[in-house]
Structures are given as C-alpha cells and as structure tokens.
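Comments concern the structure below.
What follows is calculated from the coordinates using simple rules that are stated; it is not laboratory data. Just so it is clear, the model here is predicted, and its values are computed rather than measured. When we count neighbours, we look across all protein chains shown, and the Cβ atoms used for this are built from the backbone with ideal geometry, even at glycine.
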Amino acid sequence: MTDTTYNGWESYDHWNTALWLNNEEGYHNLMLNKVELAVYMVCTRQQAIYELLRELPELTPDGAQWQADTIEDLFDENYQDQLAYS
C-alpha cells in the first residue's frame, strides 16, 4: 500500500504551510505574536487569524498556497500551549 499523504498532512500545500510556519523564525514569530494577542484578549481568535493571513505573503517561499485550515490548526495548537503557561 502506498502512502499518499505528505508526512501526515493531506496535501503538499498543507504540509508546506506547516513547514514554513513551524520552522521559519519570522513566520513562526508572527504566528506566536498573533496567538499572544488572542490569549491576552487584545483581539479575538478570528481577528488574530485574519491578521496573520493578511500579513503572510500570497504564497509560501516554495510557491505553495497557504492553507487557512492548517494555519487555524497550528494557531489553535499554539493558543492552547500559551494559555496553559500564562
């Protein structure tokens, strides 16, 4: 049986979105900044995700489409982590 996923992600674009947001310092810090704003109720979760999507370039540095649902999943994961330690 052939594995048709991308390291557990449903598509190349989803995997690429996670790769850049989790591993590139600038993008990761941007996401964490938006998470922090939501954790400390400076803005809502939806506003923070909207701002994150607005501030990212149109495509990942590899030319893939950013995947909003993957960004939301990563945002929520980091939100829960920050909430637990704040």
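Summary table below
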| quantity | calculated |
| --- | --- |
| Among Glu25, Glu51, Glu72: highest mean-square fluctuation, GNM of the chain, C-alpha pairs under 10 Å | Glu25 |
| Largest to smallest principal axis extent of the C-alpha atoms in the chain, angstrom | 46, 27, 21 |
| Rel. contact order, % - alpha carbon contacts under 8 angstrom, at least six apart, the range 12-74 | 46 percent |
| Mean Cβ count within 10 Å, highest first, over the residues of peptides 32-42, 57-67, 14-24 | 14-24, 32-42, 57-67 |
| Net lengthening on full extension, Asp73/Val42 (0.36 nm per residue, minus Cα-Cα) | 9.1 nm |
